[in-house]
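**Student:** Structure in structure tokens, see below.
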Amino acid sequence: MAHSGNKGTATFIRQRITGALNIPLIGFFIWLIVSLQGANRAQMVATFSNPIVYILALVLIGSALTHMRIGMNEIIEDYVHAPALHNLAKLANTVFTIAIGAVAVIAVLVLAFGG
């Protein structure tokens, strides 16, 4: 069974990896937004049908949301001290992350496969 110290170290490493990964992925995202400025739906579908584009978009979604969830959990750990509220806040953070992730992934896949 893992000790709590091991979990903290794994979370620390995951936070740093996603942070480093987000740097080039945000660059890709900025390029994507600029290149799609003024585009209609057909142009967006054509762009997202490229496997490199939709795979990078999906990786960005996963990395950014993982990074966000870990960061928010750290804030909750630091500032929410009432046990019931602490657990509720962490649950809300997880539910929010999953909901946003699901919507984002579905949107990318719909565009990627021309739906």
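All of the numbers you see were taken from the coordinates with simple rules; none came from a lab. Remember, predicted model here, so these are calculated numbers, not experimental data. Note: ideal-geometry Cβ built from the backbone for every residue, glycine included; neighbour counts use all protein chains shown.
**Student:** Expressed as a rounded percentage, what relative contact order does the stretch 4-112 have, with Cα pairs under 8 Å and six or more residues apart?
**Tutor:** It rounds to 37 percent for the stretch 4-112.
**Student:** Quick one: order Arg14, Arg69, Arg41 by neighbouring beta-carbon count within 10 Å, fewest to most.
**Tutor:** Ranking Arg14, Arg69, Arg41 by Cβ neighbours within 10 Å, fewest first, gives Arg41, Arg14, Arg69.
**Student:** Per 0.36 nm of contour for each residue apart, how much would the distance between Ile55 and Leu109 grow if the chain were fully extended, relative to their Cα-Cα spacing?
**Tutor:** Full-extension gain reported as 18.5 nm.
**Student:** Taking neighbour Cβ counts within 10 Å as the exposure measure, how do Val80, Val34 sort from fewest upward?
**Tutor:** Fewest to most other Cβ atoms nearby, the residues stand as Val34, Val80.
**Student:** So if I place +1 on the C-beta of Lys and Arg and -1 on the C-beta of Asp and Glu, and nothing else carries charge, what would the dipole magnitude of the stretch 4-112 be about its Cα centre? I want it in debye, nearest 20.
**Tutor:** 160
**Student:** List the pair-distance distribution P(r) of the stretch 11-85, using every Cα-Cα distance, as the percent of pairs falling in each 10 Å bin from 0 up to the bin containing the longest distance, rounded to whole percents.
**Tutor:** P(r) over the stretch 11-85, rounded to whole percents: 17, 37, 24, 15, 7, 0.
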